[in-house]
Amino acid sequence: MKILVTGASGFIGRALCPYLSSLGHEVVPTVRATCGLPGERLVTDEASFRIALQGCDSVVHLAGRAHVVHDQERTPLEAFRAANINTTLELANRAIGAGVRRFVYMSTIKVNGEETLPGCSFRPDDPPAPKDPYAISKWEAEQGLRAIAEKAGLEVVIVRPPLVYGPGAKGNFASLIEWVKRGWALPLGAVHNRRSMIALENLVSFTALCADVDASPNAKGQVFVVSDGEDVSTTELLRKVAKAYGGNSRLLPVPVGLIRFAAQLIGKSSLADRLLGSLTIDDSKAREMLGWRPQVSMDEQLRKMENATLG
């Protein structure tokens, strides 16, 4: 199978490309600027994309504008639309012109919403409820891809992962690790939320399965949510990180209501929501329809992250 990957130099792309190669696929890793990636293909215009897409069976579209916590754009939604909708639909049309059969789109669980109620989990067929510009742009891109698929017969597969963690992770997860490594006392010892996450290795294995037309014929036209299948509270996560990194989880049992109040006073309500709120997903569709199972546990992925920092 010949598979083109956009965003090949990104967090997911750098892990996906060698994994696809290890399975025997011919990989076309595309980038917008040269970065020394093995076999990278520079694509900057229509002609370069046309050449890169020649003979490809599938496209995995990872490139796009990621979620930005403190966005400096004057019109964030328009910036996200330009990067996540326009370029996505242009690529899909180019793929159709090149005879590509399947298009795997990496979306986000934020299309479903920001938080789940106790006892509830997001499912792929739930009514979408995107809240921020990033999630809205991803949802609109999904709709555009479906419209193209209906007209042209392109096999679109949409993947909505929750928080992805693994070697090289940045953002909130990297900050959390740093807090633990520094041995800071954190007021998060009494948080009983539930969060679904997915290890980078697990997301890569699932994405590779979706990109293989022969191995996953049932994936055609489907939306999947996928996770490790191991929901944890913020308190449990911090303890797991401390164990993996050989640190101490100095967690103070401060009431959640008090944390939220303090966060509001200092303008950190959004951070408090991510640390204290719940977001769980039900990925039974991915497991039952495609027979997929996670390759690593959370503890195993965390240990690999710690080993990567030592190496």
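The values are calculated or read from the model by the stated rules, or taken from the named source; none is laboratory data. Since the structure is predicted, the reported quantities are computational estimates derived from the model, not experimental observations. Glycine also receives a Cβ, built like all others from the backbone with ideal geometry; neighbour counts cover every protein chain displayed.
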Exercise. Can you run down the residue pairs with Cβ atoms below 6 Å, 6 or more apart or on separate chains, where the first is in the stretch 83-99 and within 15 Å of residue 139 (Cβ to Cβ) and the partner is surrounded by 17 or more Cβ atoms within 10 Å (Cβ to Cβ) and hydrophobic (A, V, I, L, M, F, W, C)?
Key: 84/141; 85/141; 88/141
Exercise. Report whether or not residue 127 is assigned to a loop (DSSP other than H, G, I, E, B), in contact (Cβ under 8 Å) with a residue 40 or more places away in the chain and not β-branched (Val, Ile, Thr).
Key: no
Quiz prompt | Odd one out for residue 228 among (1) in contact with a Lys or Arg (Cβ under 9 Å, 6 or more places away or on another chain); (2) surrounded by 18 or more Cβ atoms within 10 Å (Cβ to Cβ); (3) under 30 Å from residue 21 (Cα atoms); (4) among the charged types (D, E, K, R) | solution = (1)
Practice problem: Tell me which residues, restricted to the stretch 103-121, are touching a Pro at 6+ places or on another chain (Cβ under 9 Å) and farther than 23 Å from residue 65 by Cβ. | Solution: none
Practice problem: Given the conditions (1) surrounded by fewer than 22 Cβ atoms within 10 Å (Cβ to Cβ); (2) under 23 Å from residue 83 (Cα atoms), report the number of the one that residue 205 does not fulfil. | Solution: (2)
Quiz prompt | Wholly enclosed helices (runs of 4 or more DSSP H) of the stretch 230-311 bearing at least 1 residues more than 27 Å from residue 209 (Cα to Cα) | solution = 234-245, 256-265, 269-276, 298-310
Quiz item: Yes or no: residue 202 over 21 Å from the mean Cα position of the chain (by Cα), part of a helix (DSSP H, G or I) and under 23 Å from residue 283 (Cβ atoms)?
Solution: no
Exercise. Hey, can you tell me all the residues within the stretch 205-222 that are in contact with a Pro (Cβ under 9 Å, 6 or more places away or on another chain) and either at pLDDT below 90 or part of a loop (DSSP other than H, G, I, E, B) (or both)?
Key: 222
Quiz item: Tell me, which residue of the stretch 129-169 that is among the basic types (Lys, Arg) and at pLDDT 95 or above is surrounded by the fewest Cβ atoms within 10 Å (Cβ to Cβ)?
Solution: 146
Quiz item: Mind checking which residues of the stretch 1-50 are among the charged types (D, E, K, R), exposed (fewer than 14 other Cβ atoms within 10 Å of the Cβ) and in contact with a helix residue (DSSP H, G or I) (Cβ under 8 Å, 6 or more places away or on another chain)?
Solution: 46, 50
Practice problem: Considering (1) at pLDDT 95 or above; (2) in a helix (DSSP H, G or I); (3) surrounded by fewer than 19 Cβ atoms within 10 Å (Cβ to Cβ); (4) among the small types (Gly, Ala, Ser), say which one residue 174 fails and leave the rest. | Solution: (1)
Quiz item: Given the residues 104, 111, which is the only one that is of a type outside the set (S, T, N, Q), touching a Phe, Trp or Tyr at 6+ places or on another chain (Cβ under 8 Å), farther than 19 Å from residue 229 by Cα and surrounded by 23 or more Cβ atoms within 10 Å (Cβ to Cβ)?
Solution: 111
